[in-house]
Amino acid sequence: MGKGKATQEQVGGVHYKECKIQPTEYIMANKLNFCEGNVIKYVTRHRVKGEGLNDLLKARHYIDLCIELEYGGENV
């Protein structure tokens with residue numbers, strides 16, 4: 001703690017290190033909710049973290065949650 005800015009560190013891997021804009025900074029700056037933020041996170045890392053398809057399936061799950069929670073999931 002106290003080593004530097006939290007936005008300059010990543011705990012648990014390096015899968016966001018190559019990003020020009022860190023997903024968390026983008027999410028916060030655009031005031032995205034939890035589900036929307038997770039979509040950004042999983043789509044951003046699916047090629048580099050090693051979970052590929054699983055990350056895209058997680059992103060799709062969060063999109064489905066957004067649709068259900070914000071629009072009632074009807075007619076979709």
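FYI, it's all coordinate maths here, none of it is from the lab. These numbers come from a predicted model, not from an experiment. For neighbour counting, all protein chains shown are included, and Cβ atoms are generated from backbone atoms with ideal geometry for every residue, glycine included.
For residues that are in contact (Cβ under 8 Å) with a residue 24 or more places away in the chain and either of a type in the set (S, T, N, Q) or under 15 Å from Lys20 (Cβ atoms) (or both), tally how many sit in region 39-56.
Within region 39-56, residues that are in contact (Cβ under 8 Å) with a residue 24 or more places away in the chain and either of a type in the set (S, T, N, Q) or under 15 Å from Lys20 (Cβ atoms) (or both) number 3.
Could you check how many residues of region 26-46 are loosely packed, with under 12 Cβ neighbours inside 10 Å and either of a type in the set (D, E, K, R) or over 30 Å from Lys5 (Cα atoms) (or both)?
1
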